[in-house]
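The values are calculated or read from the model by the stated rules, or taken from the named source; none is laboratory data. Quick caveat, the model's predicted, so the values are computed rather than measured. Don't worry about glycine lacking a Cβ; one is built from the backbone with ideal geometry, like all the others, and counts go over all protein chains shown. To get the accessible areas, we keep the full protein, side chains included, count just its heavy atoms, and leave off ligands, DNA and RNA. Shrake-Rupley method; radii C 1.70, N 1.55, O 1.52, S 1.80 Å.
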Amino acid sequence: MGFIAFLKTQFIVHLLIGFVFVVSGLIINFIQLCTLVLWPINKQFYRRVNCRLAYSLWSQLVMLLEWWSGTECTLFSDEATVNTFGKEHVIIILNHNFEIDFLCGWTMTERFGVLGSSKVLAKRELLYVPLIGWTWYFLEIVFCKRKWEEDRDTVIEGLKRLADYPEYMWFLLYCEGTRFTETKHRISMEVAESKGLPKLKYHLLPRTKGFTTAVQCLRGTVSAVYDVTLNFRGNKNPSLLGILYGKKYEADMCVRRFPLEDIPQDEKEAANWLHKLYQEKDALQEMYNQEGIFPGQQFKPRRRPWTLLNFLFWATVLLSPLFTFGFGVFASGSPLLILAFLGFVGAASFGVRRLIGVTEIEKGSSYGNQEFKKKK
């Protein structure tokens with residue numbers, strides 16, 4: 001094991017990376033709070049500023065994937081589709097099977113210049129998570145309780161507010177509503193059988209309300225729907241902790257573009273279109289499992305240096321005073337100061353671990369275990 005590889009496995013290094021992310025995130029959130037005064041003066045300028053502030057935070061996670069772990073992301077698509085990336089507003093449909101599926105999506109948005117302006121339909125609980133939810137609030141992310149009767153007006157209002165967004169955005173939808181688990185899949189397929197819908201082998205039954213509403217509200221703004229099917233070579237099941245330890249993975253992403261005018265305007269027909277899409281996604285997963293490859297040309301967009309430079313900037317700004325302060329504490333010889341400093345380190349470690357826990361499948365929500373049954 002080389003020295004760099006050894007460093008990547010050390011807890012103290014992980015703690016320092018977490019410290020940079022958390023403290024820089026709190027600083028960014030405070031700056032975002034200050035930018036609220038811009039909204040009544042110039043809404044579009046407010047949005048552009050917050051896109052860049054969000055980029056400064058999210059790109060640190062992308063840096064871990066691209067530069068720290070060296071994970072490779074390969075696109076399987078066609079040249080005409082790839083040439084549209086970063087040049088239009090789109091809705092993204094991504095399977096929700098892996099802990100770092102969002103991070104693979106972010107690395108693609110970064111390479112095509114839309115990371116800061118990317119959007120998602122997120123569960124409302126995330127709004128109260130420091131850094132993640134707070135940053136999304138200032139980005140006008142649409143939050144929902146995943147109870148359509150309560151969410152309908154909020155979601156429609158949030159989507160319509162994005163109609164005049166000044167920068168190209170990729171609006172991500174996890175139509176399955178929750179991460180794939182065997183228990184949720186079994187329950188989901190029971191619902192499919194009860195409704196006479198085709199069963200899926202690798203996906204949960206898609207929730208159609210969010211998709212059809214997004215298509216209706218963003219029609220005239222969004223140009224297309226990108227269907228993205230993600231898999232990892234070697235049947236790997238990567239985690240954010242694995243990325244933090246420097247483990248390298250190989251992600252393959254099959255991307256298909258559907259012009260929005262090809263998607264039915266009628267809600268029921270659009271829902272049927274989505275169900276058909278998921279049958280196709282299932283077939284793509286089956287092909288990948290059998291052949292180890294998706295159909296289409298292979299593209300490997302180059303990673304850009306900005307994520308690394310951004311992290312190095314924050315590390316320089318934040319770690320220098322931390323080291324100076326820590327040295328001063330231990331040099332003082334005061335047991336009280338030393339214990340207080342170690343307590344701070346412990347609290348920081350706990351906070352970082354809690355943030356990582358948000359991405360872990362086994363600690364995910366129980367949404368889907370009972371919600372599918374209620375729909376039977």
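Structure notes:
- In the range 8-300, a dipole from Cβ-located charges (positive for Lys and Arg, negative for Asp and Glu) runs towards its positive end, and of 9, 283, 71 it is 9 whose Cα lies farthest in that direction.
- The trypsin sites (Lys or Arg not before Pro) found in the range 98-199 that occupy coil by DSSP, while having at most 11 further C-beta atoms within 10 Å, are 147.
- Of the beta bridges in the chain, as assigned by DSSP with both residues counted there, near 40 percent are antiparallel.
- Residues 332, 77, ordered by accessible area of protein heavy atoms at a 1.4 angstrom probe radius and largest first, appear as 332, 77.
- Rolling a 1.4 Å probe over the protein heavy atoms of the range 18-65, with every protein chain left in place, gives an accessible area that is 79 percent carbon and sulfur.
- With 29 Å as the limit on Cα-Cα distance, the pairs of 43/87; 87/145; 43/145; 43/268 that go past it are 87/145; 43/268.
- Whole-percent carbon and sulfur share, accessible surface of the range 240-302, 1.4 Å: 47 percent
- Taking 7 Å steps out from each Cα toward its Cβ at residue 250 and residue 272 produces label points 4.1 nm apart.
- The chain: calculated mean residue ellipticity at 222 nm from DSSP helix runs of at least 4, using -39500 (n - 2.57): -16500 deg cm²/dmol
- FRET efficiency, 1/(1 + (r/R0)^6) with R0 22 Å, evaluated for residue 44 and residue 219 via beta carbons: 0.55
- Cα-Cα over 28 Å, subset of 123/248; 119/209; 123/281; 184/236: 123/248
- Dipole of the chain, positive end: most advanced residue of 222, 30, 102 [Cβ charges, Cα centre]: 30
- In this label model, residue 150 and residue 7 are separated by 4.7 nm, measuring between points 7 Å along each Cα→Cβ vector.
- Simple point charges give the picture: +1 on the Cβ of Lys and Arg, -1 on the Cβ of Asp and Glu, and for the chain a dipole about the Cα centre of about 560 debye.
- Under 17 Å from the Cα of residue 195 - aspartates and glutamates, other chains or at least 8 residues apart: 176, 269, 371
- Computed from Cα positions, the angle between helix 182-195 and the longest principal axis of the chain comes to roughly 20 degrees.
- For residue 310, net neighbour charge (Lys/Arg +1, Asp/Glu -1) across residues whose Cβ lies under 15 Å away: +2
- Seen against the Cα atoms of the chain and their longest principal axis, helix 11-34 is set at about 70 degrees.
- Accessible surface calculations at 1.4 Å, restricted to protein heavy atoms, place the chain at 47 Å² per residue.
- Projecting the Cα positions of 46, 81, 128 onto the charge dipole of the range 8-300 (unit charges on Cβ atoms of Lys, Arg, Asp and Glu, taken about the Cα centre) puts 128 furthest along the positive direction.
- Relative to the longest principal axis of the Cα atoms of the chain, the long axis of helix 335-357 lies at roughly 10 degrees.
- In terms of packing, defined here as the mean over residues of other Cβ atoms within 10 angstrom, the peptides 308-321, 203-216, 15-28 line up highest first as 203-216, 15-28, 308-321.
- Whole-percent carbon and sulfur share, accessible surface of the range 95-136, 1.4 Å: 63 percent
- With both labels modelled 7 Å from their Cα along Cα-to-Cβ, the residue 164 to residue 313 distance reads 3.0 nm.
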